[in-house]
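Take a look at the structure set out below.
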Amino acid sequence: MNTSALITMITTEVIITAVTFYFFWRVLKTPPRPEEDSYSDNDEEER
Amino acid sequence: MSKKAESWGSRVGLILAMAGNAVGLGNFLRFPVQAVQNGGGAFIIPYLVCFLLMGIPLLFVEWSMGRFGGKNGHHSTPFILDSMDKRKFWKYIGVFGIFTNVAVASYYCYLESWTLSWVWHSISGSFSGQTQEQVAGFFGDYVSLTTIEPIIFWIICLLLNTWILSKGLSGGVEKVAKIGMPLLIIFGVFLAYKAITLKAGEEGAILDGIAGLNFLWTPQFDTIWSAKVWLAAAGQIFFTLSVGMGSIHCYASYVKSKDDIALNAMSAGFMNEFVEVVLGSAILIPIAIGYLGIDKVVEMTASGGLGLGFKTLPFLFEQWGGFLAVFAGVAWFGLLFFAGITSSLAMGTPVMGFLKDEFGWKTQKAAWTFGLVVFLLGLPTVLFFNYGVFDEYDYWAGTVSLVVFALIEIILFAWVFGMDKGWKEIMDGADIKVPSIYKFIIKYVTPIFLGSVFIGSLPGIWDKITNKEIYQKIAETTDPKVIEELNTQMTFVNGSRIGLLLLWIAIAYLVYVAYKKRIKEGRFTS
């Protein structure tokens, strides 16, 4: 692969992958709210 | 005891469903072809700028409009838009958010059924020992309905979609997303690995897979100032994120007012980008170039990625031989199937939301009605595919309608509803801090961007309306048989447009009936 293609590909893919995993990790890490929320699975856990 | 309102099962389920809504066949078939045609690696610059300035703002706007409408029990765009301003006409603008979903689902389910059929043919070995021309001919025969098989697969696909929709949000749509999205990524990673490790001289390949990546990612910076490239990038962002459709509003309308939408929108949006840019760029083009060479692939992609994906790839997979050929076929078409079904399910939910909210229908009745309508409207795209009906639905419902609706909705959100109120809606319950520059971007930059995209598409729209391409073909031929065929095609094309227009009017009438019903019952309207 030529250098400019390699730099463009790696830069783009690393940024997109890192941001995707960061946001998804934030979602997984955020605890459910104590009050009733939008997700029925959380209600079942509280019972 | 009152029945519990419909809701999402989990936050991850919602994000996967929303990402599944966005991830479609275009991520694997359209994006790489657009990149090849518009400057290779340089295409990614306008593409990412459009994502930041148009895609992300529209995601914030649609998620927050949906959640805002959901507070008043609205789950489809006519009455979501209606609740945002006192003027009565907004509900009719919201008709686009139902029209697009019904019309797109009508042809999209047919496309989705091809993937199901190609999975079956990969397993049963139909492509084994065939030449490239025979595999391409198989596709031609398929869409020409030389057997009844396409109709059977299409009906199976419709029934599957309808059955899943009838199970509701958490019991149907969310479950499919939780299974489909991880499988799609696993299949994608497998195929990308095979594509990248393709070696010239092995398994019939003439070039390394890396040569395809090199071709795709080499930036041609001279293209970056071309308006055509920016329009293509903006168009791709539109299609890939499923904005301007009304399905994001519907999914978000089931999120409670104090729950986050900002992080959810980012997570789902970037998940789509990961699938499109990282996986989508690493499969179709590297494999095709590895076997066919750069010139041939450039020639083939001139007419889009559909041909390459369905007519060529099954033949190329056969070069891998035995179990690997079968598994690659199942992985590729399975991946496309999951990408397709998670999107088509998202098209059903706003329609069902409308019928349930306004006419008190149960989930099952609404789902089966949606299925029936999609069957009836989809029939012309199946029976008259070769007359351009499929493409006509795609152009008006899947392209023009999205831009029109997105342009109007952002004006409503930023200028009529008001940016201060709008910003509060975005930030309410947010688990991330959205940079305040986005307040400026949503108010000024995104509408200008969308306006430019719309104005830039006007010449193309005019050419379509006047059937310029067909008339040109008629002018270029003297063969009476070809002229007759082209005239027949024009009749079908015009008929499709009239049909779509009548569909829009019929939905607008239903919205009017629903509005009158609301007044009679003393229910909330603007």
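The values are calculated or read from the model by the stated rules, or taken from the named source; none is laboratory data. Model, not experiment: these values are computed from the prediction. Virtual Cβ from ideal backbone geometry, glycine too; neighbours counted across all protein chains shown. Heads up: the accessible areas ignore ligands, DNA and RNA and are worked out on the full protein's heavy atoms, side chains in. Shrake-Rupley method; radii C 1.70, N 1.55, O 1.52, S 1.80 Å.
For the protein assembly as shown, the per residue solvent-accessible surface stands at 39 Å², with DNA, RNA and ligands left out and a 1.4 Å probe.
With a 10 Å cut-off around each Cβ of B:263-271, the average count of Cβ atoms from other chains is 5.
For the range B:295-413, a crude dipole built from +1 on the beta carbon of Lys and Arg and -1 on the beta carbon of Asp and Glu, taken about the Cα centre, is about 400 debye to the nearest 20. Taking every alpha-carbon pair within the protein assembly as shown, the share separated by more than 33 Å comes to 41 percent. Nearest 10 degrees, 0 to 90: what angle lies between the long axis of helix B:11-22 and the longest principal axis of chain B (Cα atoms)? That helix lies at roughly 60 degrees to the long axis.
At 1.4 Å probe size, put B:Arg11, B:Arg518 in order of accessible surface, largest to smallest.
B:Arg11, B:Arg518
Helix B:446-465 and the longest principal axis of the Cα set of chain B meet at an angle near 60°.
Taking amide H as placed 1.01 Å from N in the peptide plane, B:Trp8 has its amide H under 5 Å from the amide H of A:Ser40, each at least 5 places away in sequence or on another chain.
Counts of other chain beta carbons within 10 angstrom of each beta carbon in peptide B:8-16 average 5.
The 1.4 Å probe gives accessible areas that order B:Ser242, B:Ser257, B:Ser124, largest first, as B:Ser124, B:Ser257, B:Ser242. Computed with a 1.4 angstrom probe on protein heavy atoms, the A-B interface buries about 2900 square angstrom of accessible area in total.
Largest first, how would B:Thr342, B:Thr218 line up by accessible area (1.4 Å probe)?
B:Thr218, B:Thr342
Among B:Gly137, B:Pro182, B:Ala195, whose Cα lies farthest out toward the positive end of the dipole of the protein assembly as shown, if unit charges sit on the beta carbon of Lys, Arg (+1) and Asp, Glu (-1)? Of B:Gly137, B:Pro182, B:Ala195, it is B:Pro182. Per residue of B:422-432, other chain Cβ atoms within 10 Å of the residue Cβ number 1 on average.
Report D for chain B in µm² per second (integer): Stokes-Einstein, Kirkwood Rh on Cα pairs, 10 °C, 1.306 mPa s. Once the numbers are plugged in, D ends up at 67 µm²/s. Listed by chain and number, the lysines whose alpha-carbon sits under 24 Å from that of B:Lys178, ignoring those within fewer than 8 places in the same chain, are A:Lys29, B:Lys4, B:Lys167, B:Lys256.
The convex hull of the Cα atoms of the range B:293-348, projected and averaged over all directions, covers 4.7 nm².
Sorting B:127-136, B:113-122 by their mean Cβ neighbour count within 10 Å, with the most densely packed peptide first, gives B:113-122, B:127-136. Peptides B:414-421, B:165-172, B:279-286 ranked from most to least packed, by the mean per-residue count of other Cβ atoms within 10 Å: B:279-286, B:165-172, B:414-421. Against the main long axis of the alpha-carbon atoms of chain B, helix B:480-521 sits at an angle near 20°. Karplus-derived 3J(HN,Hα) values for the range A:6-16, using 6.51 cos²θ - 1.76 cosθ + 1.60 with θ = phi - 60°, are 4, 5, 4, 5, 5, 4, 4, 5, 5, 4, 5 Hz; glycine and proline are entered as x. Mean projected area of the Cα convex hull of the range B:248-401, taken over all directions, amounts to 12.7 nm². Shape call for the range B:368-526 from the C-alpha gyration tensor, a ≥ b ≥ c root eigenvalues: rounded (a/c under 1.5), prolate (a/b greater than b/c) or oblate? Cα axes put the range B:368-526 in the oblate bin. Per-residue packing, averaged as other Cβ atoms within 10 Å, sorts the ranges B:75-82, B:454-461, A:7-14 into the order B:75-82, A:7-14, B:454-461, beginning with the highest. The calculated Kirkwood hydrodynamic radius for the range B:216-308 is 16.2 Å, given to one decimal from all distinct C-alpha pairs.
What a 1.4 Å probe finds exposed on the protein assembly as shown is 66% carbon and sulfur by accessible area, rounded to a whole percent. With a ≥ b ≥ c taken as the square roots of the eigenvalues of the C-alpha gyration tensor of the range B:62-181, please select rounded if a/c is under 1.5 and otherwise prolate if a/b is larger than b/c or oblate if it is not? Judged from the Cα gyration tensor, the range B:62-181 comes out prolate (a/c at least 1.5, a/b above b/c).
Computed from backbone phi with θ = phi - 60° and the Karplus coefficients 6.51, -1.76 and 1.60, the 3J(HN,Hα) list for the range B:29-45 is 9, 8, 4, x, 5, 4, 5, 4, 7, 10, x, x, x, 5, 4, 5, 5 Hz; x is used for glycine and proline.
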